[in-house]
1. For region 39-143, which GluC sites (Glu not before Pro) are both in a DSSP coil and crowded by at most 12 other Cβ atoms within 10 Å?
2. Roughly how many nanometres apart are two label points built 7 Å out from the Cα toward the Cβ at HIS2 and LEU117?
3. Using amide H atoms built 1.01 Å from N in the peptide plane, name the residues 5+ places from ALA45, or on other chains, whose amide H lies under 5 Å from its own.
4. Let me know the longest stretch in the chain that avoids all trypsin sites (Lys or Arg not before Pro) found in a DSSP loop with at most 12 other C-beta atoms within 10 Å.
5. Give a residue-ordered list of calculated ³J(HN,Hα) values for region 72-81 (Karplus: 6.51 cos²θ - 1.76 cosθ + 1.60, θ = phi - 60°; whole Hz; x for Gly, Pro).
6. How much net charge surrounds THR32 when only the other residues with a Cβ under 13 Å from the Cβ of THR32 are counted, with Lys and Arg +1 and Asp and Glu -1?
7. If every alpha-carbon in the chain counts as one equal scatterer, what log10 I(q)/I(0) does Debye give at q = 0.12, 0.17 1/Å?
8. Please give, to one decimal in nm, the separation of the simple spin-label points placed at ASP136 and GLU52, each 7 Å out from Cα toward the Cβ.
Amino acid sequence: MHYQVQPFSDLTNQSVYEMLQLRSEVFVVEQTCIYQDMDNQDLQALHVLGIENERIRAYARILTQSKLTGEVSIGRVIVAPSLRGTGEGHRLMTYCMTYVQQHFNNPCVRISAQSHLVEFYAAHGFTSTGNHYLEDGIPHCEMLYTP
């Protein structure tokens with residue numbers, strides 16, 4: 001697996017299709033959650049693509065528009081179902097965090113974590129802010145990484 005980061009304007013049609021297909025496969029079909037995945041944030045996001053055998057098999061997006069707080073956000077973190085349990089999710093988050101720290105002057109990173117993944121994100125230095133909520137019917141926890 002190799003990773004690359006691209007703004008939306010640099011993505012190919014094939015990459016956009018594969019990215020949306022993977023997100024739909026897991027977040028909509030597998031998690032049986034009907035929600036509007038295309039939320040107008042993809043156009044401004046940086047897209048982290050994990051490519052294996054010329055296919056997107058892991059993905060995350062980095063949102064950088066929080067200029068006021070100096071924070072960035074990482075979301076839509078996903079690996080293909082066949083890669084679960086292989087450590088690829090941790091490799092993806094490590095890549096994302098390294099990229100953010102190197103390219104955005106070591107900012108705070110705020111995420112909206114599905115509650116069952118709090119320990120996963122804690123392993124990457126995130127702590128719960130104590131803000132728990134339902135997002136699209138799924139329990140979430142706001143988490144913050146502070147350098």
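Only the coordinates and a few stated rules stand behind these numbers; no lab work does. The model shown is predicted, which means the values in this text are computed figures rather than measured ones. Here Cβ is always computed from backbone atoms with ideal geometry, including for glycine, and neighbour counts include all displayed protein chains.
1. Working: sites: GLU52, GLU54, GLU71, GLU88, GLU119, GLU135, GLU142; in loops: GLU54, GLU71.
Filter output for region 39-143: GLU54.
2. Here the modelled spin labels are 2.6 nm apart.
3. HN-HN under 5 Å from ALA45: PHE8.
4. Working: sites that count: LYS67, ARG84.
Longest site-free region, per DSSP loop and neighbour criteria: 1-66.
5. With coefficients 6.51, -1.76 and 1.60, one gets 10, 9, 10, x, 6, 5, 7, 10, 4, x Hz.
6. Numbers: positive: none; negative: GLU25, GLU30, ASP136.
The answer is -3.
7. Listed by q, the Debye log ratios stand at -0.47, -1.02.
8. The answer from the label model is 2.3 nm.
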